[in-house]
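Presented below is the structure to which this report refers.
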Amino acid sequence: MVGSPDWSWRRTASLQASSFYAGRVALEDDLRQTARSIGLDAIGYCSAEPFPEVEGSLREAVASGRSASLGFTFTDPATASDPRSSFPWAVSLVVVSHAYVPDSGRQPPPKGGNGRVARFATEDHYAPLRLGLDRLRKVLISAGYRAEVVCDDNRLVDRAVAVRAGIAWWGKSTMVLAPGVGPWMLLGSIVTDAPLSPGDPMLRECGSCEACLPACPTGAIIAPGVLDARRCLAAIAQSAGSIPVEFREVMGDRFYGCDECLTACPPGERLAASASIESGGVDLIEMLATADRPLRERFDHFYVPRNQARFLRRNAIVNLGNAAAARFTGVLAGLLGHPDALLRAHAAWALGRSADPAAAAALRAARITEYESEVVSEIDQALSTLD
Ligand code: B12
Ligand code: SF4
Ligand code: SF4
């Protein structure tokens, strides 16, 4: 006689599946509540599958020169676009956003020349984001999973994760945007082996808006969603070497970063309007008088090539040149005697923009003793614009 079938395995499997599902829901609830309690703005999950379209974008930017020799994710497109090449055990990505406006821009207006700092860097806005990510990492670890924080890192393209997880959409400025926040947010991720429910892509896009394209002072957004970093002031201000002459004037008073394509962006308008002051400022005269070490410490949260304070001074000199005020002639003339040829060259350019007769006199005097050909040619150029 054939006995009645044993269906108990099905009940066990279904119990296991439902407890697995319940565990996942509980973990996601825990992550969401933790994110909210520490002030993060959004949290999303997606698979850790590779991002082939990102690899293509990175390779194209490098091949065409649009990456401006920047390192970061451009260094190794295959690694930056495949989380499993760095974390072979990765199953899911957790991505969070931290809106840094209206908390940015608290500095009092400077007494010396003003150097403008983009809102994301007015203070270390990555610090609360990293703290939050670390708390979330601990939640995953306590639940028995592996978890690693990857934030502003060469091994992952943060914006692509935010789009895949459905917490943001690609803007034509190449920023990713979120409702109510627009582009004014920083992003960070956690790579984990926890299976998490992937979010649905956000059904939003820029539509007919193109406001960021003409708002860019250098035309760096060469087509919707395509940035030429060689023209982007945010990249230029953090580059090594000289500021290319063609970009010095348009740099204006921007000391670090640039916010024009963000400020023009309608989805972020309301939030930007709630900020306390327009943006952060640096007293250029005071910073030029500060020694290298305290300067590096003060701007520790900036990306500065090889962590050399000379690049911060170089930017300040360009800003002072653009202010073209006679009250800065003395400081700039003094810099013509600086041991660093990079600073002498930029000081010559800055003095060439001044209507103060003392500027021309300082340039002529420096022309007699200057021995570096690059500086000599900057002095000659400056004198020819003054004549
Ligand atoms: C390198 C880098 C830069 C470079 C290059 C920027 C760039 N656009 O690629 C420079 C130095 C110029 C820079 C500047 C800034 N940066 Co930056 N930067 C990075 C970094 C380290 C890597 C970005 C990257 O890999 N880009 C290369 C490729 C993949 O991106 P992409 O060229 O935009 O290509 C995508 C689009 O074209 C899109 N796409 C394709 N087709 C289409 C079609 C349409 C219609 C659209 C809309 C899009 C679209 O898909 C492509 C990907 O497949 C990330 C941190 C990280 N690890 O991810 C921060 C990051 C992107 N930067 C950030 C910030 C805040 C800035 C600045 C605002 C700082 C400032 N105020 O000065 C500016 C903004 C300039 C701008 N318009 O992007 C934030 C952005 C947050 C956000 N809300 O989007 C990030 C994510 C840092 C962080 N962890 O929060 N940055
Ligand atoms: S950050 Fe400034 S320079 Fe760069 S794309 Fe935006 S507006 Fe243009
Ligand atoms: S300014 Fe307009 S086109 Fe540009 S990113 Fe914002 S919404 Fe999109």
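The values are calculated or read from the model by the stated rules, or taken from the named source; none is laboratory data. These numbers were taken from a predicted model, which means no experiment stands behind them. Don't worry about glycine lacking a Cβ; one is built from the backbone with ideal geometry, like all the others, and counts go over all protein chains shown. For accessibility, only protein heavy atoms count, side chains too; no ligands or nucleic acids. Shrake-Rupley method; radii C 1.70, N 1.55, O 1.52, S 1.80 Å.
Numbers below:
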quantity: Candidate set: region 23-52, residues that are among the charged types (D, E, K, R) and in contact (Cβ under 8 Å) with a residue 60 or more places away in the chain; chosen: the one surrounded by the most Cβ atoms within 10 Å (Cβ to Cβ); calculated: Asp41
quantity: Top-ranked residue in region 157-170 [being touching a residue at least 60 places away in the same chain (Cβ under 8 Å) and more than 6 Å from ligand 1 (Cβ to nearest atom); ranked as farthest from Leu93 (Cα to Cα)]; calculated: Ala168
quantity: Scope region 223-249; condition over 19 Å from Asn319 (Cα atoms), out of contact with any Ser or Thr (no Cβ under 7 Å at 6 or more places or on another chain) and free of Cβ contacts under 8 Å to residues at least 60 places away in the same chain; matching residues; calculated: Ala223, Pro224
quantity: Residues satisfying the stated conditions in region 171-218, i.e. under 20 Å from the mean Cα position of the chain (by Cα) and among the hydroxyl-bearing types (Ser, Thr, Tyr); calculated: Ser173, Thr174, Ser189, Thr218
quantity: Positions within region 199-214 being within 8 Å of ligand 1 (Cβ to nearest atom) and surrounded by fewer than 14 Cβ atoms within 10 Å (Cβ to Cβ), in sequence order; calculated: Glu205
quantity: Within region 328-369, tally of residues that are over 20 Å from Asn114 (Cα atoms) and either under 34 Å from the mean Cα position of the chain (by Cα) or surrounded by fewer than 21 Cβ atoms within 10 Å (Cβ to Cβ) (or both); calculated: 18
quantity: Helices (runs of 4 or more DSSP H) lying entirely in region 287-362 (those with 1 or more residues that are more than 20 Å from Ser377 (Cβ to Cβ) and among the polar types (S, T, N, Q)); calculated: 309-323, 329-335
quantity: Of residues in region 215-264 being within 16 Å of ligand 3 (Cβ to nearest atom), open to solvent by 10 Å² or more (accessible area, probe 1.4 Å) and among the small types (Gly, Ala, Ser), the one nearest to Thr385 (Cα to Cα); calculated: Gly219
